[in-house]
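Inspection log for the structure reproduced underneath, given as structure tokens.
The values are calculated or read from the model by the stated rules, or taken from the named source; none is laboratory data. Since we're looking at a predicted model, the values are computed, not measured. With ideal geometry, Cβ positions are generated from the backbone for all residues, glycine too; neighbour counts draw on all protein chains shown.
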Amino acid sequence: MLSQAQKFYTIAPAVTIKVPCTVEGLKTCKFLTDKGIQVNVTLVFSVAQAILASKAGATFISPFVGRWMDNSVDGIELIKNIRKAFDHSFSQTEILAASLRDVRQVEQSALSGADVVTIPPVVFWAMYKNIMTDKGLELFQKDWETVIDNQKE
């Protein structure tokens, strides 16, 4: 993992290296973060794994909310519990809610303490949509057309 990481972290300081939440992944995380390199520990499915990653110096941890939800496990509850554990331990590690499937999961992740989310483009664009916004735009347009019509008279 270290030799693979070296090909990328030298590109720029903003590069974040992604490692799995395994023994070897956390050893790599510790080595890299001790050198000031940002690391995202991914495939986190429990509070215990999040704690281990944080103690290894992870910049980010990625709990897979959507994958848990796909298997009838509450991924949002995982975000809440990790936030609670991190707040109690004053962890600097950021929670990156991963594998989100819809706008509601984005909202719930943010409300539950996620610092960052990864989402597919379809979810990103759906975040703009709201029936009340659409109706409001229609009303604004009608009001504008009335103003224009009244100026013509």
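Filter the stretch 57-72 down to the residues that are more than 12 Å from Pro20 (Cβ to Cβ) and of a type outside the set (S, T, N, Q) and list them by number. Explain how you work it out, then say what you get.
Taking the stretch 57-72 as the starting set, the residues that turn out to be more than 12 Å from Pro20 (Cβ to Cβ) are 57, 59-60, 63, 65-72.
Once the filter is applied, which keeps residues that are more than 12 Å from Pro20 (Cβ to Cβ) and of a type outside the set (S, T, N, Q), the stretch 57-72 yields Gly57, Phe60, Pro63, Val65, Gly66, Arg67, Trp68, Met69, Asp70.
Determine whether the stretch 47-68 contains at least one residue that is modelled with pLDDT of 95 or more, touching a Pro at 6+ places or on another chain (Cβ under 8 Å), within 30 Å of Cys29 (Cβ to Cβ) and buried (at least 20 other Cβ atoms within 10 Å of the Cβ). Yes, some residue in the stretch 47-68 is modelled with pLDDT of 95 or more, touching a Pro at 6+ places or on another chain (Cβ under 8 Å), within 30 Å of Cys29 (Cβ to Cβ) and buried (at least 20 other Cβ atoms within 10 Å of the Cβ).
Tallying residues that are of a type in the set (S, T, N, Q) and more than 22 Å from the chain's Cα centre (by Cα) within the stretch 1-27 yields 4.
With the condition kept exactly as written, say whether any residue in the stretch 64-71 is part of a strand (DSSP E or B), touching a Gly at 6+ places or on another chain (Cβ under 8 Å), free of Cβ contacts under 8 Å to residues at least 60 places away in the same chain and within 19 Å of Leu43 (Cα to Cα).
Taking the stretch 64-71 first, the residues part of a strand (DSSP E or B) are 64.
Of the ones still in play, those that are also touching a Gly at 6+ places or on another chain (Cβ under 8 Å) are 64.
Then drop every residue that is not free of Cβ contacts under 8 Å to residues at least 60 places away in the same chain, which leaves 64.
Keeping just the survivors that are within 19 Å of Leu43 (Cα to Cα) gives 64.
Checking the stretch 64-71: at least one residue is part of a strand (DSSP E or B), touching a Gly at 6+ places or on another chain (Cβ under 8 Å), free of Cβ contacts under 8 Å to residues at least 60 places away in the same chain and within 19 Å of Leu43 (Cα to Cα).
Does any residue of the stretch 119-132 turn out to be within 36 Å of the chain's Cα centre (by Cα), farther than 30 Å from Ile82 by Cβ and assigned to a helix (DSSP H, G or I)? Steps first, answer last, please.
So the first thing to find is which residues in the stretch 119-132 are within 36 Å of the chain's Cα centre (by Cα), and the list is 119-132.
So of that shortlist, the ones also farther than 30 Å from Ile82 by Cβ come out as 131-132.
Those still in the list that are assigned to a helix (DSSP H, G or I) too: 131-132.
Yes: one or more hits.
Out of all the residues in the stretch 1-43, which are assigned to a helix (DSSP H, G or I), surrounded by fewer than 14 Cβ atoms within 10 Å (Cβ to Cβ) and of a type in the set (S, T, N, Q)? Result: Ser3, Gln4, Gln6. Taking residues in the stretch 115-136 that are small (Gly, Ala, Ser) and surrounded by 12 or more Cβ atoms within 10 Å (Cβ to Cβ), and partners anywhere that are part of a helix (DSSP H, G or I) and modelled with pLDDT of 95 or more, the pairs with Cβ atoms closer than 8 Å and at least 6 places apart or on different chains are Ala126/Val103.
What do you reckon, is Ser46 farther than 21 Å from Arg67 by Cβ and either small (Gly, Ala, Ser) or out of contact with any strand residue (DSSP E or B) (no Cβ under 9 Å at 6 or more places or on another chain) (or both)? So Ser46 fails the test. Comparison of Val47, Val39 shows that the only residue that is in the same structural domain as Ile82 (by TED's automatic domain parsing), closer than 16 Å to Glu94 by Cβ and either among the aromatic types (Phe, Trp, Tyr) or free of Cβ contacts under 8 Å to residues at least 24 places away in the same chain (or both) is Val39.
Filtering the stretch 1-26 to residues that are touching a residue at least 24 places away in the same chain (Cβ under 8 Å), hydrophobic (A, V, I, L, M, F, W, C) and farther than 20 Å from Phe45 by Cβ leaves Leu2, Ala5, Ala14.
Take the conditions surrounded by fewer than 16 Cβ atoms within 10 Å (Cβ to Cβ), outside the structural domain of Lys129 (by TED's automatic domain parsing), under 13 Å from the mean Cα position of the chain (by Cα) and modelled with pLDDT of 95 or more and apply them to Ala110. Does it pass? Let's see the steps before the verdict.
Values: surrounded by fewer than 16 Cβ atoms within 10 Å (Cβ to Cβ): yes; outside the structural domain of Lys129 (by TED's automatic domain parsing): yes; under 13 Å from the mean Cα position of the chain (by Cα): yes; modelled with pLDDT of 95 or more: yes.
Yes; evaluated as a whole, the condition is true for this residue.
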